[in-house]
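S.K.: I have a structure I would like to understand better, so I am pasting it below and will then ask my questions one at a time.
What follows draws every value from the coordinates through simple rules; no lab data is involved. Note that the structure is predicted; figures quoted are calculated from it, not measured. We place every Cβ from the backbone using ideal geometry, glycine too, and count neighbours over all the protein chains shown.
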Amino acid sequence: MQLEFKYADLLDDIAFKLVFGQESTKNVMIEFLNQVIPDRTIVDVEFADKEIHPNLRDKKTSIYDLLCKTDDGSRIIVELQKRKQDSYAERMLYYSMHQVLQQVEAGTSSFDFCPIYVISILNFTIDQNNGLDNVKTVYRLIEERHRTLLTDRLTYIFIELPKFVKTAEELDGDVLEGMYFCLKNMPRLQERPNALKHGVFDTIFGIGELLEMDEVTRDKILENMTTERDLKNQFDYARKEGYALGHAEGREEGLKSGHAEGHAEGRAEGREEGRAETIRKMLDAGVPAATIAEALGITMEECEACR
């Protein structure tokens, strides 16, 4: 059988959970967690119920991509997110609070709880990290002036894959960088890079090879990958067309005004009209409004208003 892709996209939910979230392959998750959280050693994990219902009416349910409990009781939430979302950091705070509530029992005087880690694997960059070029950032509750730690029980880790730019030839055997590389590049590979010698990559490439999967799983992952590629092409085309239109209209308005202020205003108006045209092109191409709103960080109402 000849396939367009040799390996699955690890940013696909199904493929990610096959490689990182199965009992039979949890060595991959254990290695990943030890690399991402180097100040501790995790020897085992238990995959827990991923859906958490709050004990309050009319409050949001938390549904995690993966929830791990370690041998010492720590909770580790692992989230995979492909497109930018509004208030993403606040969403992760909300998720962590559910894990606090799960541990603190009513009717007791203790508020002690085991450490909670929230690890976000992102195919975009978050606004809080603008200007930072490191792939992994770690947030904790720190005193503003003296930088003292309030508690070690809450840790938020963001892995922004667009910031990882090493090629296969530039890999030097570092396990965590190898995992970043696989998460970002697996669909484009035809063979395993020579630098990825650690045993964990035996599992990653073995499970991730599409021809080795059962037919139903393979077909679903391939469908998702093809849809994702088509959406990306549509977004890229629409953004390009929208930018060109906005730039041209901005120049025209600026030239008509004959001064710098008019030029700036014309550019701004052109950019706004260009974005609206971008959205219209996406909608005309059949891209769902919800997908556009999520990708561009706007509301559904703003998206629909561009029709």
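S.K.: Using θ = phi - 60° and the Karplus curve 6.51 cos²θ - 1.76 cosθ + 1.60, what whole-Hz ³J(HN,Hα) does each residue of the range 157-174 get, with Gly and Pro shown as x?
M.R.: These are the phi-based 3J(HN,Hα) values: 10, 10, 10, 9, 4, x, 7, 8, 10, 5, 8, 4, 5, 8, 5, 10, x, 4 Hz.
S.K.: With every atom except the alpha carbons ignored, what do you get for Rg and Dmax of the range 13-213, in angstroms?
M.R.: For the range 13-213, the Cα-based Rg and Dmax read 17.8, 58 Å.
S.K.: Out of every Cα pair in the range 89-181, what percent are spaced more than 16 Å from each other?
M.R.: 66
S.K.: May I ask you to derive the FRET efficiency for R229 and T108 from their Cβ-Cβ distance with R0 = 41 Å, giving the value to the nearest 0.05?
M.R.: Approximately 0.20, to the nearest 0.05.
S.K.: Please go through the residue pairs K136/K184; K6/K84; K17/K197; K82/K163 and name each one whose alpha carbons sit more than 20 Å apart in this structure.
M.R.: Going by Cα-Cα distance, K6/K84; K17/K197 fall outside the 20 Å limit.
S.K.: How would you rank D214, D174, going from fewest to most other Cβ atoms within 10 Å of each one's own Cβ?
M.R.: Exposure proxy ranking, most exposed first: D214, D174.
S.K.: Normalised by the residues of the range 13-213, what does the relative contact order come to in percent, with Cα pairs under 8 Å and at least six apart?
M.R.: 17
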